[in-house]
Amino acid sequence: MKKYVPAATFALFICLASLPLMASEGAYSENQIKDFLFRLMNFAAFLTILIYAAKKPVTNYFHKRRENIARNLKYLETQARNLEEQKEIMNKQIACIASERDAILDQYKRLGQKEADQIINEATKVAENLIQKTNDVLLMEVKTARQELLTEIVKLSTVAAQELIQNNITAEDYNRLADEFMTQVEKLPSPILS
């Protein structure tokens, strides 16, 4: 019974609102008032039938709509929580990847520095070897030049001594030198006689 109270109240309100119009001084004829009352009763009956017939489907529709909205809201909240969790996981993964990237970069920097040091050390060794070889070649050249100079000095000295001896030696000096040479040769042990 409580279900029909709003509809009945509405119909009563319409009837009461129309009474002053009907009571006005001859503005409406009796037929018009009857026609109006029939229309009003027809409207009230139609409204009652409409409310009675459409109440359950409309109520069910809005109830289902409310349930769908609640279900969708719950689903969306769950999705939002899941997305938030995934966001946190992704942020952790990004931080982990960033730290791994930094570690890899540091490792490659260390490797690069190590290789650079190794290259510098090898280049230093090669340079030292080249310097040593250059020094050795220079020493050999100096020795060779010294030997050539000594040979040249000996040749020049020999030539100068020959000229000096030829110019200053007499037959007497020549005989004396020959005798001294022979004396020294005689003093030598003879390999044939031994």
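Is there a residue being out of contact with any strand residue (DSSP E or B) (no Cβ under 7 Å at 6 or more places or on another chain), surrounded by fewer than 10 Cβ atoms within 10 Å (Cβ to Cβ) and not small (Gly, Ala, Ser) anywhere in region 149-166? Looking through region 149-166, at least one residue is out of contact with any strand residue (DSSP E or B) (no Cβ under 7 Å at 6 or more places or on another chain), surrounded by fewer than 10 Cβ atoms within 10 Å (Cβ to Cβ) and not small (Gly, Ala, Ser). Name the pairs whose Cβ atoms lie under 7 Å apart, with the first residue in region 49-65 and without any contact (Cβ under 8 Å) to a residue 60 or more places away in the chain, the second assigned to a helix (DSSP H, G or I), and 6 or more positions between them or separate chains? Qualifying pairs under 7 Å: 51/7. Just to be sure I understand, how many residues within region 34-52 are among the aliphatic types (A, V, I, L, M) and under 12 Å from residue 14 (Cβ atoms)? Counting residues in region 34-52 that are among the aliphatic types (A, V, I, L, M) and under 12 Å from residue 14 (Cβ atoms) gives 5.
Let's see how each residue does on (1) among the polar types (S, T, N, Q); (2) in contact with a helix residue (DSSP H, G or I) (Cβ under 7 Å, 6 or more places away or on another chain); (3) not assigned by TED's automatic domain parsing to the domain that holds residue 10:
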site: 31; (1), (2), (3): yes, no, no
site: 41; (1), (2), (3): no, no, no
site: 48; (1), (2), (3): yes, yes, no
site: 76; (1), (2), (3): no, no, no
site: 84; (1), (2), (3): no, no, no
site: 92; (1), (2), (3): no, no, no
site: 96; (1), (2), (3): no, no, no
site: 101; (1), (2), (3): no, no, no
site: 108; (1), (2), (3): no, no, no
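With respect to residue 172, determine if the residue is loosely packed, with under 10 Cβ neighbours inside 10 Å, without any contact (Cβ under 8 Å) to a residue 24 or more places away in the chain and of a type in the set (Asp, Glu). Here the answer is yes, as residue 172 does meet what is asked.
The values are calculated or read from the model by the stated rules, or taken from the named source; none is laboratory data. The shown structure was predicted, so the numbers you read here are calculated from the model rather than taken from an experiment. Note that we place each Cβ from the backbone using ideal geometry, even for glycine, and neighbour counts take in every protein chain shown.
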